Structure formats: C-alpha cells, structure tokens
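Data block below; observations after.
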C-alpha cells in the first residue's frame, strides 16, 4: 500500500553527502553516474522529473532512459491508498499535532513517502476533523516581506518557553533562506550546553551557517562562541538582537504553539484543575517529564516533518526542503556544496571572547 520511507536526520545526511559528491565530481559523466538514491531523494522531496533534469543539467530523455535502467519508471506517482487507510493516517497525525491543517497533513504524508492529491486530503479532513477545519479557516495570517540570498547564509535560533511553568523548553533553529527547520527539540533545561549540542548536531547535518541571529539570552553563549571560533570575529558571525527582529523563528514558534504546545498546555492545566498534578511539587514535575517528554518530542518530530515538507504559497508551492536543496545546488563552487568550514571541536567553554561581551 505505502512505501515506508519516512525521512529522518540520518537519511538527510546521507543524501546531502551524495548531492555534494554528485555536484562537484560527476557533472562530466551525468548519464552514467546519477545515483539512484539521489533520484529517489529528490522525488521524495516532491520534485518533478522535469525539475530534476533542470537542476542536474541533464536532458530529460537521458534522465528517462537512466531511471528506466534503475527501475524507477513509475517511482514517484501518487500512492495507491484507500480512503480508510488515509483516514487512519490523518487521524494518527492529528493525534500527534492536533492543530494541523490541510497543508501540514500533506507535508506529513510526504514525509512518510506517501504522495496523495491535495483534493483527497481536503476531502478526508472534512470527514475526519470537520470542527477543527472550520475553526482553522477563521484565522487570518499577517505577513511581512523577508529575504535571505542563499541557504545557510543566516540561521535564526531561539528558545520557546510556552510550557515553562511545567519545566519544558523548546530549542530551535531555522534556515533564513528556505525556512527549513535545522533543529527543533523539547528539553527540560535552558542551559547553554544543551543549545550548543543541538546546534552542533544541526551543523553536522546541514553544514555550518555563515551567520546566526539570536537574542541576548545566556543560553546562546556557547553557540555564539562556537560561531566566532569557526567563522571569525568582527563579521557578524553571531548577531544579537530582540526577538521582533528574529522573524523566521518567531513565525515558527507561532505554528509550534498552535499545532503542538496548545494541546499539552490545555492537558497540563486540566491535570492541575482536577488535582492530579501540582506544578510546585518537584516529584510531580519529574514524573511529568518522564512520561510526557518522549511524547512531546514525537509530536515535535511530526511537526518538523510537516513543516519541512509543506508547500509554500509564496514560493511557487515549493517546500522548505525543496528550496534548501535547489539553493544548495545553485551555490557557487567557492562556497562549497554544504558550506563546510573547518570546525574546531571541542573548544574551551570557559574562554572569553571580546565579541561576546554583549551577551554577558
């Protein structure tokens, strides 16, 4: 029925490395060296065969012949899935992210390797979640113009404290060009070491950004030092400013609060109202973390898949991952396919740098 091909960080890293190798070493032998994994990855991201041929500078007939040799003739067509199974999947997604709408549901399905027409998702949502669909349609979104020239030029990082009364903190980062979530995790602390570890994991996967924007919070100290050590001082490696100037990540928080956090906030308030949870009792909070932290991160993973695969109306219906992939393929050679710099790791967390004074 469906091909179990849910995207995860490991598969992203593998295919990104293939992209880098392909773009730099194989352009003179395109016809014979296009990896099957690369074509599968691009089709999973939603690119048409014509779009893939343009990105790789391959004649469409050559690409058709090559994919036939690889046995990918029918790969990427709409998935043959019954309404019953589709309803079950939509219900499963809504259980993890109750605020999801048509676009995010479609993103979740794409993240699972399932391609379904938008009209079918819209039709099934009317049946599975009629009340939620009506309520979502009443919300208006105000937008501002924002632009970054290339992927990994600027990352926006921040923490979300919507569930802080119960000891939960969201750490996240977004690529300013593509809106792609580079990392997002729910944790039980706001330490600088936690923020740094998540940031380093994202660097291993997506490459080292040229600039990072964050606020003056102490949780960003180690990330700021890391950027200055690896990108240099006095060049805006880490830019400090108020949250109102961190538009990409603030927009992400609005969606996270609506799709994920709101459900858990209402649940925890209900538990307090009926007397089964005391937020002032450390034992209760520890038990709450033990039970709900894994569940919240499953919802976060679902949300990341939705976000990175959902289509953007203002970007010709491309998804964030599509924008990131195309942007990386179009980078000049001197920038490197993955924006890799020599990363100094580990480094001395206690060493002070003059450019960090503003954060102290």
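Annotations for the structure displayed:
- Matching option when the condition is in contact (Cβ under 8 Å) with a residue 60 or more places away in the chain, in a helix (DSSP H, G or I) and not assigned by TED's automatic domain parsing to the domain that holds residue 106, among 42, 50: 42
- Unique residue being surrounded by fewer than 15 Cβ atoms within 10 Å (Cβ to Cβ) and out of contact with any helix residue (DSSP H, G or I) (no Cβ under 7 Å at 6 or more places or on another chain) when the list is 266, 229: 266
- For region 277-318, a tally of residues being part of a helix (DSSP H, G or I) and over 30 Å from residue 48 (Cβ atoms) returns 19.
- Scanning region 87-100 for residues that are touching a helix residue (DSSP H, G or I) at 6+ places or on another chain (Cβ under 8 Å) and either in a helix (DSSP H, G or I) or surrounded by fewer than 21 Cβ atoms within 10 Å (Cβ to Cβ) (or both) gives 87, 89, 90, 91, 93, 94, 96, 98, 99.
The values are calculated or read from the model by the stated rules, or taken from the named source; none is laboratory data. Note that the structure is a prediction, hence the values are computed from the model and not measured. Note that each Cβ is placed from the backbone with ideal geometry, even for glycine, and that neighbours are counted across all protein chains shown.
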